[in-house]
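Here is the structure we will look at, set down as structure tokens.
The values are calculated or read from the model by the stated rules, or taken from the named source; none is laboratory data. Not measured: the values here are computed from a predicted model. When we count neighbours, we look across all protein chains shown, and the Cβ atoms used for this are built from the backbone with ideal geometry, even at glycine. We work out accessible area using only protein heavy atoms, side chains counted, and drop any ligands, DNA or RNA first. Shrake-Rupley method; radii C 1.70, N 1.55, O 1.52, S 1.80 Å.
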Amino acid sequence: MSSNWRISSFNGALLAAYFIPVWTIIAFSIMVSPIHGLYERPSVSIALYASDHLHLAKMATVRLAWLLALARITVVAFFAVFLAMAAFAPFRKSRGSGLDEALAVALCLGSVLSFASMMMASKVGEIEALRMHAAELLMLLGTAIVMLFETSPKPTAKSSAAKSPATEASAPATELSLQQP
């Protein structure tokens with residue numbers, strides 16, 4: 001069973017175990033109380049940037065908070081789809097099942113959100129929020145790099161003893177062995 005798991009799938013499952021509960025709690029706190037939830041530690045950089053640089057009104061700030069909650073819930077949903085698909089062996093074994101796509105969308109959206117939050121935190125001087133968003137961004141980018149460079153498992157090669165002489169004789173001339181006269 002463990003031989004079916006690729007490194008990116010295992011790494012994606014670990015990321016999902018972090019991002020699903022954490023970002024769901026953050027999003028629901030924003031949904032319950034948009035202004036108060038926006039000014040909590042995970043979203044304070046966006047709130048301060050919006051109030052200092054964009055000069056948003058109260059209703060515009062509430063809409064921004066709901067949009068942020070929607071973005072976080074969307075990332076959580078793609079991580080949940082990835083986990084659901086990774087839990088079943090037929091999806092995990094096949095390459096074109098959508099498993100990689102669900103993880104890639106979650107990584108892409110989460111990276112954009114974390115990068116934007118990190119940049120806003122650096123603009124407003126929130127060092128703790130900057131560290132948190134940078135750590136999340138590095139986790140997401142690390143998994144994306146593993147997915148990018150991970151190759152699909154190659155099928156096992158048949159032993160040369162199992163080949164018949166008829167198949168060796170039908171090989172093209174460019175694939176001749178150096179040991180042949």
Relative contact order for the stretch 108-149, counting Cα pairs under 8 Å that sit 6 or more residues apart, in percent: 43
Accessible solvent surface per residue of the stretch 1-58, calculated while the other protein chains remain in place, 1.4 angstrom probe, Å²: 56
Rounded percent of accessible protein surface that carbon and sulfur make up, the stretch 26-132, 1.4 Å probe: 72
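Between Ala60 and Tyr18, what length in nm is gained on full extension when 0.36 nm per residue of separation is reduced by their alpha carbon distance?
That works out to 12.1 nm of additional length.
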When ranked by the protection proxy of mean other Cβ atoms within 10 Å per residue, highest first, what sequence do the peptides 32-39, 133-140 form? 133-140, 32-39
